[in-house]
Amino acid sequence: MIVSLAATLGSAQTPPRPKPPEVLSPGPRGPKADPAAKQSGLQVARLVIFGTGVEKAEGGGAFKSVGDGERLRTGERLRTGPGALARIQLPWMALTLGADSVLFIPPTAILSAVLESGRAELSAEGDDLLKLRTPEAEVRGRGRLVVRRTGTTTLVMAMAGAFRVETKGLVLSVAQGQGVVAPAQGSPDGPNDLPDPPTAVHPGDDPVYVKRGAEVSLRFTSPYKRHHVQVMAFDGGEIVVDRDIGSSPQTLRVPWLGTWRVRLSSVDDRGLEGPPAVTGYVVMVDE
């Protein structure tokens, strides 16, 4: 699906979503947007921010702190700090930009995004995702997709659906459970099978109850040294924590009351991220 910017302008509002419960530590959500701030470019979507240290810049200008609920516009570059994430909600799909990442929205007639560094996760129900580019590759398709860019290497991983990856004059078909490594130098590698998820994950199917302010113990079995963990809303797909971690055991902090889903994946030595293990559940309760 090719999406023009004109088609998005009347639908930039974020759909109703569950609001996280009480915030326990100062500033886990971003600062509120400044309605008086001067804006330029065409508005694309409203930003949903978790954590602190999310900034945006217009063109080659200086980065400035961005508030939760502020609009992202064409010609702007979005940057997340350690431990922060930003969700870009479009009418037909969502893009979650993970920690330590940079995303650019080109000022072009056809809507697209450029991942300059870090990790982006895109998902859509029944429609094509917007075109995502990096300096090494261009990705189109439908389903749920994870793209990472580390240094001058792009990694494309299909979690659900099917995608086309264009790199070095080649067009590679990537199905669910497969990934491609596209380096700036040398030939692309793939499609390859993604690494298997961790096993014996705790928390698992049985919810773990944790007092607010306490850390969640995360244990699992895996032959890999790197992993990726996400915390998601219980009754929706909204990601509120998204970060890379090492080997088991690890600790995880969830700063809101309520029931949350925990999703854990393996990352192999090439940097390919695999599908998540069985969803675990954490319930944060008052003392």
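Summary of computed values
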{"item": "Surrounding net charge for residue 150, when Lys and Arg each add one and Asp and Glu each subtract one, Cβ distance under 12 Å", "result": "0"}
{"item": "Structure-based [θ]222 nm, the chain - -39500 (n - 2.57) summed over DSSP H runs of at least 4, per residue, nearest 500", "result": "0 deg cm²/dmol"}
{"item": "Neighbour cut-off at most 11 other Cβ (10 Å), DSSP loop, GluC sites (Glu not before Pro), the stretch 111-151", "result": "125"}
{"item": "The stretch 73-172: C-alpha gyration tensor shape, a/c 1.5 cut-off, then a/b vs b/c", "result": "rounded"}
{"item": "Overall form of the stretch 130-287 per C-alpha gyration tensor (a/c, 1.5; a/b vs b/c)", "result": "prolate"}
{"item": "Prolate/oblate/rounded call for the stretch 175-221, Cα gyration tensor, a/c under 1.5 rounded", "result": "prolate"}
{"item": "Calculated over the chain: convex hull of Cα atoms, volume per residue (Å³)", "result": "127"}
{"item": "Taking 199, 167, 153 and counting other C-beta atoms within 10 Å, the order from fewest to most", "result": "199, 153, 167"}
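Every number here is computed from the coordinates shown, using simple stated rules; none is lab data. Computed from a predicted structure; not experimentally measured. Because the Cβ atoms are built from the backbone with ideal geometry, glycine has one as well, and the counts that use them run over all protein chains shown.
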